[in-house]
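Novice: Have a look at this one.
The values are calculated or read from the model by the stated rules, or taken from the named source; none is laboratory data. Just so you know, these numbers come straight off a predicted model, no measurement behind them. Cβ placement follows ideal geometry from the backbone for every residue including glycine, while neighbour counts extend to all protein chains displayed. Accessible surface areas use protein heavy atoms only, side chains included; no ligands, DNA or RNA. Shrake-Rupley method; radii C 1.70, N 1.55, O 1.52, S 1.80 Å.
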Amino acid sequence: MESLLELCDNILASPDEEDRWLVLGDALLDRGEPRGELILLTSAEAVRLRVRCQAPASAEKPRVLHLGSLESVVQRMRIAELTDEASWTRALRLAPSQTNWRIGWHRGAVERLSFDEASAVDVVEVLHQLEGHWAGRLCQRLRLADVASAHGAAKTLVQHAGFRRLRALSVGDGPILEELLVSASNVRELELHSFVMSESQLQRLLDAPWLDQLHALTLAVELPPGHAERVADCPRLRNLRRLDGPFKREILESSPHLSNCRFCVWMPSLLKCRQARRTSRMLAAV
């Protein structure tokens, strides 16, 4: 019989495969964990949404399953009843002194972590504590807003098993980014924010061993002249589905490597507004 951690690893190998979530839900119910029911109910609701979207209603053939049905309303009420994020957080038994992070939940499991004004040592400690709990094991998204680090601690963080399993990462300038650019990673969505990207940093990004696997890239940074063209001309970005940043749309649309990619183009003034809002949020939290 597989352990809960092994079942979580199966989900991480293919997060969109619903059957793997159902197996975990059954296993949790067998152990008396209410979140097993939550997983099964959210799965049923997901199926209902897909049926509703894929089967257009008509006078001759109305939808059999729809969000307005009594069964759906009862299910959503039960989902709300089972949702207890405060209790879930206590069950993780994280050190109470660590107050500079926030948790985002999905189906009773940790989906994302966000750190403000932390150190790499803090991040490693939290990831290590999450490793042993099935709900923490499923964390796939990490945002590091202002994380200070020496190179040694940054390397320890980037090589941590929990970090290497991440599929989405948001990080600013510093040793963590430098280590990430030369390390193996499972990241599929990357956001770089709040710094002026240098020539050498752009080159290391375009040479990163995991660049070919990226599905989404957000460059919330200042790009010197000519950098946007280098990004658009990079053949290793051919698998991108979304690219956001301070680009000129015509540069991206003319690239043969970004034909399947959606763009969100920002003006430099908008980037400065984003940075100002981030700074004000950080000051308000002090």
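Novice: Quick one: if the Förster radius is 35 Å, what FRET efficiency do S183 and D26 give, using the C-beta to C-beta distance and rounding to 0.05?
Specialist: 0.45
Novice: Pop out the ³J(HN,Hα) list for region 184-189 in order, Karplus 6.51 cos²θ - 1.76 cosθ + 1.60 with θ = phi - 60°, rounded to Hz; leave Gly and Pro as x.
Specialist: 5, 7, 9, 4, 10, 10
Novice: Can you give the net charge of the other residues whose Cβ lies under 11 Å from the Cβ of S119, counting K and R as +1 and D and E as -1?
Specialist: -4
Novice: With equal scatterers on the alpha carbons only and no solvent term, can you work out the Debye log10 of I(q)/I(0) for region 157-208 at 0.20, 0.24 1/Å?
Specialist: -0.68, -0.98
Novice: What part of the accessible area of region 203-267, given as a whole %, is carbon or sulfur when the probe is 1.4 angstrom?
Specialist: 50 percent
Novice: A further question on this structure: Leaving out ligands and nucleic acids, and using a 1.4 Å probe, what accessible area per residue does region 158-248 come to in Å²?
Specialist: Roughly 37 Å² per residue, with all protein chains present.
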